[in-house]
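We did not get these values from a lab; they are worked out from the coordinates using the rules stated. Since this is a predicted model, take the numbers as computed values, not measurements. Here the Cβ positions follow ideal geometry from the backbone for every residue, glycine too, while neighbour counts run over all protein chains shown.
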Amino acid sequence: MSAYTLRYYEQEGLLNPIGRDAGGRRRYTSDDMVWIALLILLRDTEMPLAQIRVFETLMQQGADASLQRRTLIEAHRAQVDALCESLTMIDQKLAMMRRLERNLEELDGWRENCLNMLQKRSADRAQSTMPAAEVGAKERMKMLRRR
């Protein structure tokens with residue numbers, strides 16, 4: 001967590017006033033570090049600052065507010081679970097899109113091959129000196145052989 005964020009959280013009342021040494025540098029206690037670690041976890045899961053403020057107020061109330069704290073965290077957990085489900089669906093859609101892109105690339109390759117074959121066939125026909133009826137008969141024979 002950046003120094004700016006720590007100062008902001010202190011200004012917003014999310015951190016108790018932090019003690020300072022003789023040089024004016026902040027000195028964090030082990031309790032401060034535990035709370036900062038929890039803040040980081042809550043923010044990493046996108047808990048809004050307003051909810052963190054509520055949670056912090058409930059923490060100050062001690063054991064009397066433990067049920068309310070748990071309820072708040074469980075509600076947040078449900079929101080995170082819903083986000084995870086959405087992320088899973090997005091991952092599945094991305095996988096499907098990648099498969100479709102590969103299939104389209106493969107179809108483009110086939111299309112190119114077909115076009116090349118048609119162009120070659122047209123060029124072969126144009127170079128042929130046989131009468132049209134004779135060329136048509138030879139092509140029909142080739143088609144019959146392919147079957």
Dipole of the chain, positive direction: furthest Cα of H76, L118, L49, with charges on the beta-carbon: L118
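Summing -39500 (n - 2.57) over the DSSP H runs of n ≥ 4 in the chain and dividing by its residue number, what mean residue ellipticity at 222 nm do you reach, to the nearest 500 deg cm²/dmol?
Values: 5 runs with 113 residues, N = 147.
One gets -27000 deg cm²/dmol as the mean residue ellipticity at 222 nm.
Is there a quick way to get the dipole size of the chain? I mean about its Cα centre, with the Cβ of Lys and Arg at +1 and of Asp and Glu at -1; what is the value in debye to the nearest 20?
1260 debye
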Table column - 3J(HN,Hα) (Hz), segment 96-112, Karplus curve with 6.51, -1.76, 1.60, x for Gly and Pro: 5, 5, 5, 5, 4, 4, 5, 5, 5, 4, 5, 5, 4, x, 5, 4, 4
Using alpha-carbon coordinates, inclination of helix 132-146 to the longest axis of the chain, degrees: 60 degrees
Residue-span extension gain [Q51 to D124] - 0.36 nm each, minus C-alpha spacing: 18.6 nm
The chain: most fluctuating residue of S86, S66, S122 per GNM, C-alpha cutoff 10 Å: S122
Candidates D32, D91, D108, ranked by Gaussian network fluctuation over the chain, Cα under 10 Å, top entry: D108
GNM result for the chain, Cα springs below 10 Å: residue of L39, L118, L87 fluctuating most strongly: L118
Calculated from backbone phi, Karplus (6.51, -1.76, 1.60) coupling profile of segment 11-22 in Hz, x at Gly/Pro: 4, 7, x, 7, 10, 5, x, 8, x, 10, 8, 4
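Give, in nm to one decimal, the length gained when the segment between L115 and M1 is fully stretched (0.36 nm per residue of separation minus the Cα-Cα distance). Don't skip to the end; give the middle numbers.
Working: separation 114, 0.36 × 114 = 41.04 nm, distance 5.95 nm.
Taking 0.36 nm per residue and subtracting the Cα distance, the gain is 35.1 nm.
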Amide H contacts under 5 Å for L15, placed H, 5+ residues apart: E10
